[in-house]
1. Can you confirm whether the stretch 171-193 contains a residue that is in contact with a Pro (Cβ under 7 Å, 6 or more places away or on another chain) and in a helix (DSSP H, G or I)?
2. If I ask for residues that are loosely packed, with under 13 Cβ neighbours inside 10 Å and either touching a residue at least 40 places away in the same chain (Cβ under 8 Å) or among the β-branched types (Val, Ile, Thr) (or both), which ones from the stretch 248-261 would you list?
3. Check the stretch 216-225 and report whether any residue there is assigned to a helix (DSSP H, G or I), in contact (Cβ under 8 Å) with a residue 60 or more places away in the chain and closer than 25 Å to Val48 by Cβ.
4. Could you check, for the stretch 270-283, whether at least one of its residues is in a loop (DSSP other than H, G, I, E, B), modelled with pLDDT under 85 and either loosely packed, with under 14 Cβ neighbours inside 10 Å or among the polar types (S, T, N, Q) (or both)?
5. As an exercise: evaluate Tyr245 against (1) at pLDDT below 90; (2) over 14 Å from the mean Cα position of the chain (by Cα); (3) on the phi < 0 side of the Ramachandran plot and give the number of the one condition it does not meet.
6. Go through (1) under 18 Å from the mean Cα position of the chain (by Cα); (2) at pLDDT below 90 and name the single condition Thr71 misses.
7. Look at the stretch 229-242 and say how many of its residues are more than 21 Å from the chain's Cα centre (by Cα) and surrounded by fewer than 12 Cβ atoms within 10 Å (Cβ to Cβ).
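The values are calculated or read from the model by the stated rules, or taken from the named source; none is laboratory data. This one's a predicted model, so the numbers in the text were calculated from it and none came from an experiment. Here the Cβ is made from the backbone with ideal geometry for all residues, glycine too, and neighbour counts use every protein chain on show.
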Amino acid sequence: MNHFYEWPKTRQEYNIFFKEVFRLPDFWKDLYKKVSWGLVSGGGDLAVKLAVWQYMYGGTWSPEDVVDYNTFKPLMCGGIAFGLTGWLTVPFENASRAYYADKTWPVELRRNYSSPTQALLKIPFQEGPGYLLRGAFPTVMNQTVFFTVFMYWYQFLKTKFFFFWTYHDKSYNMCKSIFFGMSYMIATCISYPFYYIREMVDLWPKERGGFCTWQNNYRNCFRWMVQNLDVHYYNYLRGMTNWNYKYGYKYLVALWMADNLGMISNCNESWTSMESQFYAQTDYM
């Protein structure tokens, strides 16, 4: 409603505003749809990503204040874990796009999806399972690069500046907020151009005669972006605010909770790590 009316300024106006919001005919119905969709997409996508990451990185050992190959462990484990799970976002995004696009079609052509969750369940039977995986390249690259870069930088900062809260009695949550903000900014700036590929290919105006500069191919567009990176990089960040609204904020909340649960850290004891077990088996053999 704030898109159509002026923001409330006093407490009484806020009370009236929220009362009117709760009285909207479809408020509770739409709220249920969004909450259920958030649980389904989060459980089937983000939770699996973090679980695989913890399985890969959680079995390693990175002692504090030690500079060795531990610096590259988050990068290698992140590339493997999120490279294997980066595609999980694609079905949920395509189902959400199909649900909202269905509302714009003429009545006789609509599929009449009642929610994104129903669209996710019905599309494989109506359009085929491959429909949910269309246009996967931009999303897969965006997800893989974002989480890999985020985990790498967050672990790097956390490992190298642990003495702030260990010896100098600084607030751990304050340090964590700074590390999260820096890691998120770096990861977003590096990964968002991959997501922008879809808009460039699908929504940008075509050349004369309806000809697409990149032959409607995401990989050709990506190659063009790399070749012109020195000139157009800042233009590739257009629309990043919308991406933050759609993905970024929920990722920050999920990653913060995952760190509180210890899912971003690895082993504290060397004898429980994969390195020690592997070396022990090698020495025994």
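1. No, that holds for no residue.
2. Answer for the stretch 248-261, where residues must be loosely packed, with under 13 Cβ neighbours inside 10 Å and either touching a residue at least 40 places away in the same chain (Cβ under 8 Å) or among the β-branched types (Val, Ile, Thr) (or both): just Val253.
3. So far as the stretch 216-225 goes, yes, one or more of its residues are assigned to a helix (DSSP H, G or I), in contact (Cβ under 8 Å) with a residue 60 or more places away in the chain and closer than 25 Å to Val48 by Cβ.
4. Yes, that holds for at least one residue.
5. Failed condition: (2).
6. Just one mismatch for Thr71, condition (1).
7. Final tally of qualifying residues: 3.
Here is a yes/no grid of residues against (1) over 25 Å from Ile80 (Cα atoms); (2) assigned to a loop (DSSP other than H, G, I, E, B); (3) touching a Lys or Arg at 6+ places or on another chain (Cβ under 9 Å); (4) among the polar types (S, T, N, Q):
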{"position": "Pro8", "(1), (2), (3), (4)": "yes, yes, no, no"}
{"position": "Asn15", "(1), (2), (3), (4)": "yes, no, no, yes"}
{"position": "Glu20", "(1), (2), (3), (4)": "yes, no, no, no"}
{"position": "Pro25", "(1), (2), (3), (4)": "yes, yes, no, no"}
{"position": "Trp28", "(1), (2), (3), (4)": "yes, no, no, no"}
{"position": "Ser36", "(1), (2), (3), (4)": "yes, no, no, yes"}
{"position": "Asp45", "(1), (2), (3), (4)": "no, no, no, no"}
{"position": "Lys49", "(1), (2), (3), (4)": "no, no, no, no"}
{"position": "Trp53", "(1), (2), (3), (4)": "no, no, no, no"}
